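Let me begin by presenting the structure, written as structure tokens, before commenting on it.
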Amino acid sequence: MADTMQNQGSTPSTAEGKGITAGSSRAGSSIEDLAQVAVDLAMQRGADYADARIVRLARETLTVHNGAVADAEAPDEFGVGLRVLKDGAFGFAAAPTTYGGLGDVLPGLARRALALARDLAPLRRRPIQMSGEATARGEYATPVVENPFLVPLEEKVDLLLRADRGMSGRREIVSRLASIGIQREEQWQVTSEGGATHQVLMRAGGRIEAIASAGGVVERRSYPNALEGDFRGGGFEVIRSSQLDVHAERVRDEAIALCHADVCPGGKRTLILGGSQLALQIHESVGHPTELDRILGEERDLAGGSFAGLGDLGGLQYGSKHVSFVADSTAKGGLDTRGWDDDGVASRRFEVVREGRFVGVMGGRASSGRAGISESGSVSRAEGWYSPPIDRITNLSLVPGSGSLEDLIASSEDGTIFADTVKTWSIDQERRNFQFTCEVAWEIRGGRRSRLLRLPTYQGNSVAFWNSCDAVAGPQEWRLYGVVNCGKGNPMQIAEMSHGAAPARFRGVQMLDMSGGTSV
Amino acid sequence: MALLDQDHAFELAEAIVAASSADETEVSIECIEDRFVRFGHEGPTQSADRDHYDLSVRVRFHGPGGYREARSTSGTIDHASAVAALGRAQLLAKIATPRPEALPLGGPVDVEGTSPSRPTQDHTFKEKAEWIGAALAAAEKERLFASGLARTTVMSRSLVNSAGRQVHGATSRAEFALTCSDGGSDGESRGGAAASSSIACFVDQVEVERVIEDAVRSAVLSREPRPIDPGAFTVLLEPAAVSALLSMATEAGFGARSFSEGSSFMAGRLGEKLFPENVSLVDDPLHPALRGWRFDGEGAARGRTEMISAGELRAPVTDSRWAQKLGLPNTGHGVPQPSAYGPSAEHLVMEAGSSSRDELLAAVGDGLLVRQLHYVNIVEPQTLSLTGMTRGGTFRIRGGQVAEPVQNLRFTQSLVESLRQVVAVGDRSQRSGSLMGGEVVAPAIVLRDFAFTSRA
């Protein structure tokens with residue numbers, strides 16, 4: 001059993017490319033045919049609308065902790081989710097299955113989804129109406145240079161061990177972690193409106209993290225991003241480009257240095273945020289508040305609402321003239337770059353904030369229909385086959401300005417703080433009041449980075465904060481940063497998206513002095 | 001589809017163990033039946049009737065340098081998919097680093113099997129619709145916008161390994177949650193809002209009427225909240241707020257890995273009486289409000305574990321690896337192995353005290369009543385310095401009485417310091433969840449000098 005997938009003398013990856021696009025059921029029907037069967041069954045039983053999504057999700061995660069492979073996992077799942085609209089209410093049923101068993105589960109799912117919609121329809125005060133969209137048919141695949149599932153496991157582990165070795169050699173380091181992850185999501189979708197799409201989405205990324213303990217202080221430093229790391233749409237070339245081993249010593253040394261650094265001072269300060277930190281700032285204070293279902297109050301029970309309303313479109317000065325945000329599910333390398341969303345709407349690019357003015361929202365077909373918006377944002381997404389689609393932030397990016405990071409620093413007054421890489425974050429249920437702590441900061445003196453600072457913590461109000469932006473660095477500093485663990489919905493669903501950013505400067509930001517734990 | 005019963009699950013797992021060429025093999029199977037309806041003020045928005053399987057295979061090869069091990073999972077439980085997962089795990093194990101310190105897989109353990117609640121498993125969408133209909137009607141009567149969740153879930157878990165360990169159990173969970181607020185997307189800050197929920201092991205224990213009455217009444221009382229300056233207040237934290245704080249300590253505070261690495265507040269302080277007498281925290285899967293899993297990710301038996309007893313720091317929670325490393329008993333809090341993550345207290349219970357609600361309010365005198373906390377996160381793990389926002393109804397307390405509603409505030413406060421400032425503990429506990437996940441059984445508590453650092 002051990003060698004069923006082994007080939008050519010080296011240890012291959014956990015699947016031979018994971019390609020199953022020609023897959024068919026035991027009965028001989030194609031997967032597309034069976035998705036159509038699911039939709040037909042629902043329509044024959046009385047649905048007003050139906051869509052079926054059949055999804056295969058394969059992942060591989062390798063983690064090296066303190067010099068040893070501590071976590072090696074290769075999950076693989078296959079299932080089908082069927083959504084129906086009946087008498088103005090949605091019903092959704094989902095089950096795991098196999099290729100051979102796919103045909104057997106469909107009648108039960110159609111019956112359950114219809115029954116559910118019928119039971120709930122009397123409660124609808126107003127029927128759900130999906131916005132009208134062009135019927136989608138076609139194929140999409142993430143452009144991939146190097147199929148990550150075909151890279152030998154030994155090579156992947158060697159890459160991680162090299163990064164681990166780079167972080168070793170200092171007794172202050174109590175934890176070294178290096179990890180990479182790859183994911184292949186293949187989806188067949190058919191709708192009762194004639195839509196039929198097939199897409200293969202590939203994502204990859206990794207990270208390193210060093211935790212140091214010295215003088216009673218414990219500090220963490222990460223690269224190229226904190227939390228799960230930095231992922232992009234693509235193949236193993238994404239992981240290679242991160243050069244985890246090249247940055248390992250710096251990460252180690254900065255973690256140790258942070259243990260001996262002063263705590264970042266409080267008070268009103270000019271703050272420059274690096275792109276990695278800005279990505280999460282964008283996510284929390286621009287992405288979620290402009291999701292249409294939140295604006296309509298439909299997420300209020302757990303995640304919350306939004307300070308922004310539909311009446312604010314075109315009027316609210318969300319940021320300064322330097323601030324423009326573009327939503328783009330066609331962006332090269334984005335984690336939410338694909339052919340269509342889970343409503344079957346073609347990916348698109350549109351403005352959310354134009355030179356400070358709030359001009360667009362991110363809504364799927366159901367919320368757009370409810371809001372009277374004729375064209376959705378192609379942002380409706382579900383976690384795997386298992387969940388019904390909800391409105392999601394797509395790739396949302398800050399449009400670059402001009403100049404380099406060093407130009408920004410050089411033109412800033414003494415006492416300015418340059419901070420980067422999220423350590424912790426929190427924002428209120430209406431996305432108004434936020435507080436972030438970064439892993440690292442430097443005080444600016446004489447137009448240069450001077451002393452290292454730990455626990456840089458800033459607090460603000462979303463609109464006031466973006467209006468305090470007086471400079472955004474240029475395209476040479478701009479890049480996409482991935483968010484792989486965005487939780488939303490209840491029960492919570494996880495989704496991925498990217499945020500492009502170049503470092504930006506903000507004036508009069510409230511910094512907190514965390515040396516006493518809590519005081520302003 | 002249904003949950004797997006013990007015999008069926010063991011049979012499936014034993015077949016994979018038998019097919020394995022590894023020196024040691026562990027197979028775990030999790031099955032979920034989940035039914036939920038989300039709703040907004042216009043009625044149901046999302047719903048699902050869904051099943052989920054997770055079959056996980058862990059293999060270990062023993063060599064001169066110790067065990068090489070890896071894991072792979074399948075979302076389907078047919079034999080062919082399971083064998084494919086076994087093949088992937090065996091491939092991965094070949095590149096794993098040998099672990100000389102790793103112990104052999106644990107053998108047979110005595111773990112009592114548990115069964116799912118049949119009424120919970122059979123609860124229908126029509127019955128959930130009745131809950132929701134009652135909530136929508138009550139909210140509309142007061143011109144409030146309602147949103148919430150009705151959900152029932154049953155799960156089974158089974159674990160079999162080549163050392164003879166065989167454990168099986170099932171749990172049930174039922175929830176009804178309701179948030180009521182004044183209109184508009186930002187209804188909470190311009191108007192009032194309140195949330196209430198009931199999470200129980202069995203569907204017939206869900207307090208639907210109590211949730212509706214509490215959410216509607218509190219939302220009405222919270223209308224037109226007044227601005228308030230941040231600062232340090234004596235606060236009465238309702239159980240949901242206590243849960244949101246304590247759930248941040250499950251791994252960072254009470255886990256053996258954090259303890260070993262020095263980032264836990266317990267590190268180097270076991271035996272110290274750090275907190276007042278009325279602060280006791282345990283992990284208890286047998287608690288009647290939880291009825292959780294009686295074994296961990298390696299099938300090790302799990303019982304009641306005292307982390308803080310009458311204010312004294314007792315011990316972190318462990319798994320087989322960290323118990324061995326630290327010379328402590330294995331408390332059965334491991335996640336599926338191998339993993340870079342350490343053990344975590346997943347069944348956290350703060351022991352109830354003796355104070356009635358009136359006594360809690362009297363203990364506050366002049367301060368704030370906080371019903372719920374939102375988006376709580378760790379700023380600094382050693383002191384468990386946390387930040388988050390109040391939500392769902394915040395009120396002034398004056399002269400031991402609940403007074404006017406106030407606008408939401410952000411807090412930035414060390415949990416360790418807060419627990420040192422507990423002056424009264426309520427006599428009734430409640431199971432609550434929070435945005436960041438995890439559920440805690442906790443009473444309301446009163447504590448001094450809780451630091452609010454900014455307005456909403």
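Read the figures in this text as sums done on the coordinates, not as results from a lab. Only a predicted model underlies this, so the values are computations on that prediction, with no experimental measurement involved. Here the Cβ positions follow ideal geometry from the backbone for every residue, glycine too, while neighbour counts run over all protein chains shown.
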Mind checking which of B:454, B:401, B:250 is farthest towards the positive end of the protein assembly as shown's charge dipole, using Cβ charges of +1 (Lys, Arg) and -1 (Asp, Glu) about the Cα centre? B:454
Where nothing but the Cβ of Lys and Arg (+1) and of Asp and Glu (-1) is charged, how large is the charge dipole of region A:438-490 around its Cα centre, in debye to the nearest 20? 200
Could you calculate the FRET efficiency of residue B:143 with residue A:317 from 1/(1 + (r/R0)^6), where r is the beta carbon distance between them and R0 is 30 Å, rounded to 0.05? 0.45
Kindly express, to the nearest 10 degrees and within the range 0 to 90, the angle between helix A:102-120's C-alpha long axis and the longest C-alpha principal axis of chain A. 80
Can you give the Rg and Dmax of region B:6-220 based on its C-alpha atoms, in angstrom? 23.4, 73
For the protein assembly as shown, give the share of DSSP beta bridges that are antiparallel, in percent and rounded to the nearest 5; count only bridges with both residues there. 90
Loop-located GluC sites (Glu not before Pro) in region A:350-410, at most 16 other Cβ atoms within 10 Å (DSSP): A:355, A:375
Under the rule rounded for a/c under 1.5, else prolate if a/b exceeds b/c, else oblate, using alpha carbon gyration tensor axes a ≥ b ≥ c, the protein assembly as shown is classed as rounded
Relative contact order for chain B using alpha-carbon pairs under 8 Å, separation at least 6, rounded to a whole percent? 15
If I fit a long axis through the Cα atoms of helix B:125-141 and take the longest principal axis of the Cα atoms of chain B, what angle between them do I get, 0 to 90°, rounded to 10? 20
In what sequence do B:62, A:499 fall when counting other Cβ within 10 Å, fewest first? B:62, A:499
Hey, how many Å between the Cα centroid of region B:375-399 and the Cα centroid of region B:413-430? 12
According to a simple spin-label model (label point 7 Å from Cα along Cα-to-Cβ), what is the distance in nm between residue B:103 and residue B:427? 4.3
If you line up the long axis of helix B:6-19 against the longest principal axis of chain B, both from Cα atoms, how many degrees apart are they, to the nearest 10? 40
Residue A:468 neighbourhood, Cβ < 14 Å, K/R = +1, D/E = -1, net charge +4
With a Förster distance of 25 angstrom and the Cβ-Cβ distance between residue A:32 and residue A:150, calculated FRET efficiency to the nearest 0.05 equals 0.45
How far apart, in nm, are two points set 7 Å out from the Cα along the Cα-to-Cβ line at residue B:325 and at residue A:332? 4.4
Rounded to the nearest 500 deg cm²/dmol, what is the calculated helix-only ellipticity per residue at 222 nm for chain A, with -39500 (n - 2.57) per DSSP H run of length n ≥ 4? -6000 deg cm²/dmol
Region A:31-259: relative contact order in percent, alpha carbon pairs under 8 Å with at least 6 residues between: 22
For the residue pair residue A:513 and residue B:286, what label-to-label distance in nm results when each label sits 7 Å from Cα along the Cα-to-beta-carbon direction? 5.1
Given the rule -39500 (n - 2.57) for each run of at least 4 DSSP H residues, summed and divided by the residues of chain B, what is its mean residue ellipticity at 222 nm, to the nearest 500 deg cm²/dmol? -6500 deg cm²/dmol
Would you please give the FRET efficiency between residue A:262 and residue B:269, computed as 1/(1 + (r/R0)^6) with r the Cβ-Cβ distance and R0 = 22 Å, to the nearest 0.05? 0.25
Pull out the extension gain between residue B:18 and residue B:110, defined as 0.36 nm times the separation in residues minus the alpha carbon to alpha carbon distance; nm, one decimal. 30.9 nm
